[in-house]
Amino acid sequence: MNDSATGKPHERNGRMPAANERILVTGGAGFIGSHLVDAFLAAGHDVLVVDNFSTGKKENLPGHVRWYDADVTDKHALLAIVKRESPTIVVHAAAQINVRSSFHDPQRDAEINIKGAINVLECCKDAGVKRALYLSSGGAVYGIPNRLPCTEQAPGAPVNPYGVSKYTAELYFSLYHHLYQIEYGILRLSNVYGPRQDPHGEAGVVSIFADAVLHDRQPVVFGDGTQTRDFVYVADVAAAAVLAVRRLSMSFPKPFDERIFNISSGEAISVNDALAAIQHAAGNRANHALATVPSVPAKHQAAVSGEVKHMVLDSSLAKKALGWMPSVGFEEGIEKTVEWMR
Ligand SMILES: NC(=O)c1ccc[n+]([C@@H]2O[C@H](COP(=O)([O-])OP(=O)(O)OC[C@H]3O[C@@H](n4cnc5c(N)ncnc54)[C@H](O)[C@@H]3O)[C@@H](O)[C@H]2O)c1
């Protein structure tokens, strides 16, 4: 039975943790959202999830978490849940995350990422929720920055529809703060990887490569593989979200001046090197010393138009204001991810 029919939450056992905040996580059954759920629970918060399970999975959710099968584009359903549950903070992680899909269907991308965010904020306004945290994308909102590493001061200048929708949603969080005093924070994440990332989607190069390598398939690299990204391990992102929630709680109702934080490792790694590290972790160590020459030859396809060639974020503001630092290095994170996928 689904919640849109009954309006009642699913709860697999009645256990309720001691709560500091009651946090509603949209997209909480997804890759990153489910790690946030785990981390919020471990921090002693009461957590509930809204997800339409388009890419999220019920098995990503701990048994005692209340969840609603609802779509963030459906304001009526969302408002009923928010009013029933009275969360103290909403963490908005639900999104269409596929850059290539955003080119093919920009309307759908905007519908989910922009209209969904407006609905979340409207529900906060109508139900009196005064704090919200939004997961944005540092890889998408800055476009092609003039300087690397890229700080939060760089202007939003997205070069693909996904970046436009993620950036537009940020502007709505700012607008609802000015209009309705909703305190907000934004985490601009770099390339997140780790357990539970879907290897069958088009996003998430680490899990896609790991899946190919573990199944002896030829990994597909778009372009020549020299494009660089900074990868951040998902548990580090969850730790940043816990700190941001704490910051939102502490500063409320005072102004929360530093609201936008890059969350990244700050280490530029080429796609070729990422593949070599995955092959190494998978036990295929032969050519690891030649990091740019993968031992299972990759199949190269045309570079994706609108894809940023080099991106590294500067997370020093998150360190200063939130006390956040990444704790899992790339090789360790890749080992953990490959082990999980195995
Ligand atoms: N994965 C990354 O590297 C990365 C980087 C930067 C930012 N982000 C952001 O982090 C967030 C989570 O991304 P992810 O990688 O975990 O993706 P994901 O696809 O695993 O998670 C998205 C979740 O949202 C749910 N969802 C999608 N549309 C929905 C809708 N209309 N209504 C309700 N639920 C819906 C999905 O079922 C899924 O559970 C997104 O906002 C994304 O833009 C991700």
- Are there any pairs with C-beta distances below 6 angstrom linking a residue in the stretch 37-57 that is assigned to a helix (DSSP H, G or I) to a residue that is within 16 Å of the ligand (Cβ to nearest atom) and of a type in the set (Gly, Ala, Ser), with the two at least 6 apart or on different chains, and if so which? Val37/Gly28; Ala39/Ala238
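Test of understanding: among Lys83, Lys58, which residue is surrounded by fewer than 17 Cβ atoms within 10 Å (Cβ to Cβ) and farther than 25 Å from Ala127 by Cα?
Working: Lys83 fails: farther than 25 Å from Ala127 by Cα.
Result of the check over Lys83, Lys58: Lys58.
For the stretch 201-223, what are the residues that are closer than 20 Å to Ala281 by Cβ and of a type outside the set (Val, Ile, Thr)? Can you show your working first?
Narrowing the stretch 201-223 to residues closer than 20 Å to Ala281 by Cβ: 204-221.
If the condition is that a residue be closer than 20 Å to Ala281 by Cβ and of a type outside the set (Val, Ile, Thr), then Gly204, Ser207, Phe209, Ala210, Asp211, Ala212, Leu214, His215, Asp216, Arg217, Gln218, Pro219 are the ones that fit.
Yes or no, residue by residue, for (1) more than 26 Å from Gly323 (Cβ to Cβ); (2) touching an Asp or Glu at 6+ places or on another chain (Cβ under 7 Å):
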{"position": "Ile186", "(1), (2)": "no, yes"}
{"position": "Ala210", "(1), (2)": "yes, no"}
{"position": "His215", "(1), (2)": "yes, no"}
{"position": "Val221", "(1), (2)": "yes, no"}
{"position": "Val234", "(1), (2)": "no, no"}
{"position": "Leu243", "(1), (2)": "no, no"}
{"position": "Ile260", "(1), (2)": "no, yes"}
{"position": "Leu275", "(1), (2)": "yes, no"}
- What is the one condition in (1) more than 12 Å from the ligand (Cβ to nearest atom); (2) touching a residue at least 12 places away in the same chain (Cβ under 8 Å) that Gln153 does not satisfy? (2)
- Task: State which residue pairs qualify: first residue in contact (Cβ under 8 Å) with a residue 40 or more places away in the chain and crowded, with 19+ Cβ neighbours inside 10 Å and inside the stretch 188-216, second residue basic (Lys, Arg) and outside any helix (DSSP H, G or I) in any location, beta carbons under 6 Å apart, and separation of 6 or more residues or different chains.
- Result: Asn191/Arg229
- Task: Check the stretch 163-176 and report whether any residue there is within 14 Å of the ligand (Cβ to nearest atom), assigned to a loop (DSSP other than H, G, I, E, B) and of a type in the set (Gly, Ala, Ser).
- Result: no
- Message: So for the stretch 219-229 (the condition being within 17 Å of Val99 (Cα to Cα), at pLDDT below 95 and within 17 Å of the chain's Cα centre (by Cα)), does at least one residue qualify?
- Response: yes
- Query: Is the stretch 319-332 home to any residue that is modelled with pLDDT under 95, surrounded by 14 or more Cβ atoms within 10 Å (Cβ to Cβ) and of a type outside the set (A, V, I, L, M, F, W, C)?
  - Reply: no
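Quickly run through the stretch 38-47 and pick out the residues that are more than 17 Å from the chain's Cα centre (by Cα) and either charged (D, E, K, R) or surrounded by 15 or more Cβ atoms within 10 Å (Cβ to Cβ) (or both).
Filtering the stretch 38-47 down to residues more than 17 Å from the chain's Cα centre (by Cα) leaves 41-47.
Correct list: Leu41, Ala43, His45, Asp46, Val47.
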- Query: Can you tell me how many residues in the stretch 70-108 are within 24 Å of Arg259 (Cβ to Cβ) and within 13 Å of the ligand (Cβ to nearest atom)?
  - Reply: 10
- Mind listing whichever residues of the stretch 188-218 are assigned to a helix (DSSP H, G or I) and within 11 Å of the ligand (Cβ to nearest atom)? Val205, Val206, Ser207
- Check Tyr180, Tyr233 and return the single one that is within 16 Å of Glu339 (Cα to Cα) and more than 10 Å from the ligand (Cβ to nearest atom). Tyr233
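Name the one entry in Gly28, Gly44, Gly63, Gly56 that is touching a Gly at 6+ places or on another chain (Cβ under 6 Å), more than 23 Å from Pro158 (Cα to Cα) and not hydrophobic (A, V, I, L, M, F, W, C).
Gly56
The values are calculated or read from the model by the stated rules, or taken from the named source; none is laboratory data. It should be emphasised that the depicted structure is a prediction, and the values quoted were computed from it without experimental measurement. Because the Cβ atoms are built from the backbone with ideal geometry, glycine has one as well, and the counts that use them run over all protein chains shown.
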